[in-house]
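Structure first, commentary second.
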Amino acid sequence: MQKGKSSIEFETPPVVTSFASVAGKKEGEGPLGPVIDVVEQDEMFGMDTWEQAESAMQKQAADLALEKGQVRRQEIRYLFAGDLLGQLIATSFGTVDMEIPLFGLYGACSTMAEALCLGAMTVHGGYGDRILAVSSSHFATAEKQFRFPLAYGNQRPFSATWTVTGAGAVVVSDGKKYARDGIARITGVTPGRIVDFGSRDSMNMGAAMAPAAYHTIRQNFEDFGIDEKHYDKIITGDLGEVGSKILLDMMKQAGNDLSGVHMDCGMEIYEKEAQDTHAGGSGCGCAAVTLCALILPRVRSGEWKRVLYLPTGALLSTVSFNEGQSIPGICHGIVFETCS
């Protein structure tokens, strides 16, 4: 099953059997609004704090994924989940009532891919028939933790992205036992490594993450002996307008022209001019919502037969940034293929 330096090719691919997306009002007003499962008009989600709101949103996405797949909580062996907050408080408080063994994950905005990588490996290894992968972010909780209180009203440069208020949940099941229920197959993964090009601009996450996306894509090509023509789409998580341009330039210099196949979740979830999000969307919820609202439905329909899904993460904290350290990036790759 090991392929090349970093990748895994599954002999009996695990299958996605259900998925769900929940998002806030702003996301519902964007291009993906009509295909997001639940658009919540109250961004407090009926709770008293922003953090509680994100927990409620994450649990809603998880419960909805189970409901859509007619899966009982007791059938889920493990939960792989994470968010952007310190000590993963959105996840720990959001999933406690589910009573499912939890692996709490932090890969910044790449967390959905990390959850899917580990979940698919767990299922294929026989350690669980079904797992649930979940990730979330909330605009207000992220701004509060990483930047400024909302009331401060600070100005954002055009390179900045807008943290998505959203959550996605995916049920991954054993490919033998649940083949008939398969929506998409996970045929391979390319876990990424930390890549640090020395970026220090916290308002330009795309520049910090693009080198990691470049490395993971190139590693995927090398490990599987393929190139960009192998995929219908190569989809990064939240590089935004700035990071996407950097990635395409880097890939072109390496001899790979992605201009015809590349798509970025952060550029799909908002309407740039109408919604004033500058470089696009970001956050754990960005790639998760786009996966569940746009990518998996198109793989299921056969419109996209093979997709390389690459959520990207900027590994910074307020502590490291304020101490003058750089912003490393990471990116994990998941290969989705149609079941038809």
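The values are calculated or read from the model by the stated rules, or taken from the named source; none is laboratory data. This one's a predicted model, so the numbers in the text were calculated from it and none came from an experiment. Cβ placement follows ideal geometry from the backbone for every residue including glycine, while neighbour counts extend to all protein chains displayed.
What about residue 329, is it crowded, with 18+ Cβ neighbours inside 10 Å, in contact with a strand residue (DSSP E or B) (Cβ under 8 Å, 6 or more places away or on another chain) and at pLDDT below 90? No.
For residue 213, the conditions (1) closer than 30 Å to residue 75 by Cβ; (2) buried (at least 22 other Cβ atoms within 10 Å of the Cβ); (3) among the hydrophobic types (A, V, I, L, M, F, W, C) are fulfilled apart from (1).
A residue that is without any contact (Cβ under 8 Å) to a residue 12 or more places away in the chain and either buried (at least 24 other Cβ atoms within 10 Å of the Cβ) or out of contact with any Leu (no Cβ under 9 Å at 6 or more places or on another chain) (or both) occurs nowhere in segment 280-290. Restricting attention to segment 310-328, the residues that are touching a Pro at 6+ places or on another chain (Cβ under 8 Å) and either outside the structural domain of residue 231 (by TED's automatic domain parsing) or of a type in the set (S, T, N, Q) (or both) total 0.
Close Cβ contacts (under 6 Å, 6 or more residues apart or on different chains) running from residues in segment 314-340 that are farther than 30 Å from residue 175 by Cβ and aromatic (Phe, Trp, Tyr) to residues that are modelled with pLDDT under 90 and in a loop (DSSP other than H, G, I, E, B) comprise 321/202. Scan segment 110-129 for residues that are surrounded by fewer than 24 Cβ atoms within 10 Å (Cβ to Cβ) and either touching a helix residue (DSSP H, G or I) at 6+ places or on another chain (Cβ under 6 Å) or not in a helix (DSSP H, G or I) (or both) and the total you get is 5.
Rundown of residues vs (1) in a helix (DSSP H, G or I); (2) under 30 Å from residue 198 (Cα atoms); (3) of a type in the set (Val, Ile, Thr), yes/no style:
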position	(1), (2), (3)
285	yes, yes, no
289	yes, yes, yes
294	yes, no, no
297	yes, no, no
327	no, yes, yes
330	no, yes, yes
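Selection of segment 210-237 for residues being in contact with a Leu (Cβ under 6 Å, 6 or more places away or on another chain) and among the aliphatic types (A, V, I, L, M) yields 210, 213, 234.
Yes/no per residue for (1) out of contact with any Asp or Glu (no Cβ under 7 Å at 6 or more places or on another chain); (2) surrounded by 20 or more Cβ atoms within 10 Å (Cβ to Cβ); (3) without any contact (Cβ under 8 Å) to a residue 24 or more places away in the chain:
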residue: 19; (1), (2), (3): yes, yes, no
residue: 30; (1), (2), (3): no, yes, no
residue: 44; (1), (2), (3): yes, no, yes
residue: 61; (1), (2), (3): yes, yes, no
residue: 79; (1), (2), (3): yes, yes, no
residue: 103; (1), (2), (3): yes, no, no
residue: 108; (1), (2), (3): yes, yes, no
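Does segment 72-90 contain any residue that is among the hydroxyl-bearing types (Ser, Thr, Tyr) and either modelled with pLDDT under 95 or within 16 Å of residue 291 (Cβ to Cβ) (or both)? There is no residue in segment 72-90 that is among the hydroxyl-bearing types (Ser, Thr, Tyr) and either modelled with pLDDT under 95 or within 16 Å of residue 291 (Cβ to Cβ) (or both).
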